[in-house]
Structures are given as structure tokens and as C-alpha cells.
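Everything on this sheet refers to the single structure shown next.
The values are calculated or read from the model by the stated rules, or taken from the named source; none is laboratory data. Small disclaimer: the values here were computed from a predicted structure and weren't measured. Cβ placement follows ideal geometry from the backbone for every residue including glycine, while neighbour counts extend to all protein chains displayed. Quick note on the areas: whole protein, heavy atoms, side chains included, nothing else; ligands and nucleic acids left out. Shrake-Rupley method; radii C 1.70, N 1.55, O 1.52, S 1.80 Å.
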Amino acid sequence: MKQTAHSEQMFERACRVLPGGVNSPVRAFRSVGRCPVFVKSAKGSHITDIDGNDWLDYIGSWGPMILGHAHPDVLQAAQEALADGVSYGLPTQPEVEMAELMTAAYPGMEMVRMVNSGTEATMSALRAARGFTSRNKIIKFEGCYHGHSDGLLVQAGSGALTFGTPTSPGVPADVVRHTLVCRYNDLESVEQTLCANEGEVAAIIVEPVAANMGVVPPAPGFLQGLRRLCDAHGALLIFDEVITGFRLAFGGAAERFGVTPDLACFGKIIGAGMPVGAYGGRRDVMQMVSPSGPVYQAGTLSGNPLAMRTGLCQLRYLQNHPEVYTQIEARAAALEQGMKQAVEELKLGCTVTRCGSLLTLFFTPHPMELHSYDDVKQCSTEQYAAFFKALFEKGILIAPSQFEALFIGAAHTDEEIAHTAAQMREALCESVKA
């Protein structure tokens, strides 16, 4: 039995001063009926909590730690940046170098603006799209999460889906009346919506691989179809690559699937764990952004030198070591195969999905293809909670929500993947009995 007394005491303290005891809902562990893990330190593929427990970590700070925790090159970059001062509120060379690297890496991206979070990136990209097209309406998809800005909290995924609140109180109806919601992987619903709102839709925003309702890959032709429909109706296509950017490939989902959006949003990996975001795309669209154009967007800490230098180090490492992508995908595929084999042997109604180094085990009523929010809503969160608890006791930490991804990184070894697959089989047996 894992000792968690110190984490439990810390959570009691946290609940007195933080809403729900956390600074982001998914950290609460509420959906799996546990106290959160309070981390003391992390290195490689492992984290250590304040009770002294060692965990094999598949959360990876929700994606940024593609090279693992406390990678020596990244740490050195952060230390060197700190020695020169944390923030100046003035331009620096690293932010230019970051923009140059990103525009060279990502298909069709000619200009980029740095911000401080994925939420800022998606909110700002949509504002730019509206300014460019002089249209107000946008299309998003059920189960896709694009941050917590008011206009996007409609049929959201991730934490909102976990707690059964796909729309949020506090969001005025007038704010979301321009947000149209379609079914993910359903081109017909998109075409019907565009036709019903002809000349009014500024942009379609989509996670090219849905990863906030669990991992739901795009159906063949879906992203290509969105590109075609946007072109036909004069709308911009926005890829939310906050999770997938620089993970599915160095050029993100755009490179992997061969579809070039008009704008793309980033976070996570480009900061190597520092708070960061970015949005960029076509030059003519991005030149609408202040001070080049009339679309206002600003940020005191945007492009701060600490985040830029740390993120640049990670991106340059990935650029110089392309084998990382081959390795992490192979390890994710090995874990996927181990999970599928266990599910088949135990005759369980589970479904495993994977895209690149992202994967999810869904507790579906029967093995099935998952294409949409309606599909994943059939999953049993109770069974997932039992599975989570069984793995927890074995020292393996996965997302405390059925509707998240497991993140495989370069620090995970082949031996750890094999160990995890074996422990998952045991955990599945235990969770079924529970």
C-alpha cells in the first residue's frame, strides 16, 4: 500500500486556500476517488512525491516533457537563462530564434506570435481569424478542448467532460452564440453548418488529433475534408496543436497528415515545461495582429527569455535527434500492443487508441471504433477509476481521468514499457474483480 499521508495533509491545507485544492481541475484526482499526488521532484521518466514514493510517470506534465523530466540540456539552458535575468519586458534574440525555428519547421507557417498559454493562443488565433475575414462565427467540435476562454467552453472535453459539465456557468449566452458545434470526424455535419451559415463563419478550429476526450484520431480524409470545406466557404482552418505540435512529428500533425492549416496554435513542448503558448500561420493573416494591424493582442511576459531559451533548447534537440520520434512511437506501439493483448486475453470490453506517442485505454462496453464525443461518452469512468487505483498501488501514474492521454517520452525505456504492459494486465484483472 502506497503511503500518502503527507500528500493528504498537504491537500487538506490546499483546500483551504485553493478552489478544490488545486490550480487546474484535472489535478484534483476527484474522478478516481483519490487525493492528488504532491510532487517533490522528477527526473527522466520518474517522479518522487512528498511521501517518498517513486512513480513511473505517464503524465509528463500533460505533454511538455517529451525528453523526460530534468533533461540535462534543458536544465542547463534554464540555468543560463536565469543567470541573465528572468524577464525584461523588451525584445530578445531567443524569441526571434524561436520564431525562425517554428516557421521553418511547421508547414505553411510564415509568422508567429508568442503568448503565455494554449488558452491565449487559441483565443488570439480566433480573434485574428475574425479580424481577417470580418466574420463572427466559428465552428468547433464536440469533445475538443481549446482552453478556457468563454467562447470556446461549449461541449468542451478534458476536465469539463470528466466532471460532466460540457458547458460552464459564468459564460454569457451572448458570448457563445457565435460558436457553432459540430461532430468530430463528421464532415457532413460541418458542411451542413457552413451552408446554413453561408458567409458568416470565420474559422474552423480543431484538434487534428482529439486528445482531450481521450485520444481519438482523425478518420481518413477528415482533416483533408476540413481543408476543402474551408477553401470552398472562405473560412480559415485552425489546428490546435497545443498537444500534438512537435510531438506527432517535428512539423506536428500538419506534417504527419499532410494538411496545411491557415493558423496553428502551440504550447506544451515549445516551452519544455515553462508556461508558454504561440499562434502563427499565413503572413497575410498574422499581419492583422497589432502592431502590424488592427487586431489587438498583447502580453507582458509573452516571449519571455526563460521560456524561449528553455523551449529552444528542447526544440533544437528534437531537430538534431529525429530518431526521438521513431523511438517514442515504437515504444507507444509496444505498450498499445501489450494493452490490446491483455484486453483480448481477459475478454474485456475495452478499446485502445493511439496516434504517435499518445494513447488511451477506454473502458467501453465492448471493443469498438471511437470516432466522436458520443462514442467516448459510453465509457465507464468507474471502471477506469478502479484501473487507475490498481496501477497507482503498483507505482505507475497515469492520467486521473478516462478522458486524457498517456504520454510516452524519450526517457521511457523499453524495459519500462514492458514492465508497464505487464502491470497493466494485472491491474485490469484487479479492476474487473473490484
(message) As an exercise: evaluate Cys35 against (1) more than 21 Å from the chain's Cα centre (by Cα); (2) not in a loop (DSSP other than H, G, I, E, B); (3) not β-branched (Val, Ile, Thr) and give the number of the one condition it does not meet.
(response) (2)
(request) Considering only region 233-276, state which residues are within 22 Å of Glu200 (Cβ to Cβ) and in contact with a Leu (Cβ under 8 Å, 6 or more places away or on another chain). (result) His233, Ala235, Leu236, Leu237, Ile238, Phe239, Pro261, Asp262, Leu263
(request) Could you check, for region 216-230, whether at least one of its residues is open to solvent by 10 Å² or more (accessible area, probe 1.4 Å) and among the β-branched types (Val, Ile, Thr)? (result) no
(message) I need the full set of residues from region 60-82 which are in contact (Cβ under 8 Å) with a residue 60 or more places away in the chain and in contact with a strand residue (DSSP E or B) (Cβ under 6 Å, 6 or more places away or on another chain), in order please.
(response) Gly60, Gly63, Gly68, His69
(request) Tell me, please, whether a residue that is under 24 Å from Pro25 (Cβ atoms), open to solvent by less than 50 Å² (accessible area, probe 1.4 Å), more than 24 Å from the chain's Cα centre (by Cα) and modelled with pLDDT of 95 or more can be found in region 393-411. (result) no
(message) Of the residues Asp49, Asp54, only one is of a type in the set (Asp, Glu), open to solvent by less than 20 Å² (accessible area, probe 1.4 Å) and at pLDDT 95 or above; which?
(response) Asp49
(message) I'd like to check something: does region 288-299 contain any residue that is crowded, with 22+ Cβ neighbours inside 10 Å and assigned to a loop (DSSP other than H, G, I, E, B)?
(response) no
(request) Return only the number of the condition from (1) of a type in the set (Val, Ile, Thr); (2) open to solvent by 20 Å² or more (accessible area, probe 1.4 Å); (3) within 30 Å of Glu188 (Cβ to Cβ) that Ile238 does not satisfy. (result) (2)
(request) Could you grab me the full set of residues in region 2-33 that are surrounded by fewer than 19 Cβ atoms within 10 Å (Cβ to Cβ) and within 15 Å of Glu393 (Cα to Cα)? (result) Lys2, Gln3, Ala5, Gly33
(request) Read through the list (1) in contact with a Ser or Thr (Cβ under 6 Å, 6 or more places away or on another chain); (2) more than 30 Å from Ala298 (Cβ to Cβ); (3) not basic (Lys, Arg), then give the number of the only condition that Ala77 fails. (result) (2)
(message) Looking at region 60-71, can you tell me whether even one residue there is among the polar types (S, T, N, Q), modelled with pLDDT under 95 and open to solvent by 30 Å² or more (accessible area, probe 1.4 Å)?
(response) no
(message) For the structure I just gave you, tell me whether Gly338 is buried (at least 19 other Cβ atoms within 10 Å of the Cβ) and either within 18 Å of the chain's Cα centre (by Cα) or modelled with pLDDT under 95 (or both).
(response) no
(request) Among residues belonging to region 77-117 that are more than 27 Å from the chain's Cα centre (by Cα) and open to solvent by less than 40 Å² (accessible area, probe 1.4 Å), point out the one that is farthest from Leu263 (Cα to Cα). (result) Gly85
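Results for (1) small (Gly, Ala, Ser); (2) more than 29 Å from Asp49 (Cα to Cα), shown as yes or no for each residue.
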{"residue": "Ala332", "(1), (2)": "yes, no"}
{"residue": "Ala342", "(1), (2)": "yes, yes"}
{"residue": "Thr360", "(1), (2)": "no, no"}
{"residue": "Thr381", "(1), (2)": "no, no"}
{"residue": "Tyr384", "(1), (2)": "no, no"}
{"residue": "Phe388", "(1), (2)": "no, no"}
(request) Kindly establish whether Pro261 is crowded, with 24+ Cβ neighbours inside 10 Å, assigned to a loop (DSSP other than H, G, I, E, B) and not polar (S, T, N, Q). (result) yes
(request) Output the residues belonging to region 412-428 that are closer than 24 Å to Leu248 by Cα, open to solvent by less than 30 Å² (accessible area, probe 1.4 Å) and aliphatic (A, V, I, L, M). (result) Ile417, Ala421
(request) Working carefully through the options Ala203, Ala232, Ala253, find the one that is within 23 Å of the chain's Cα centre (by Cα) and in a helix (DSSP H, G or I). (result) Ala253
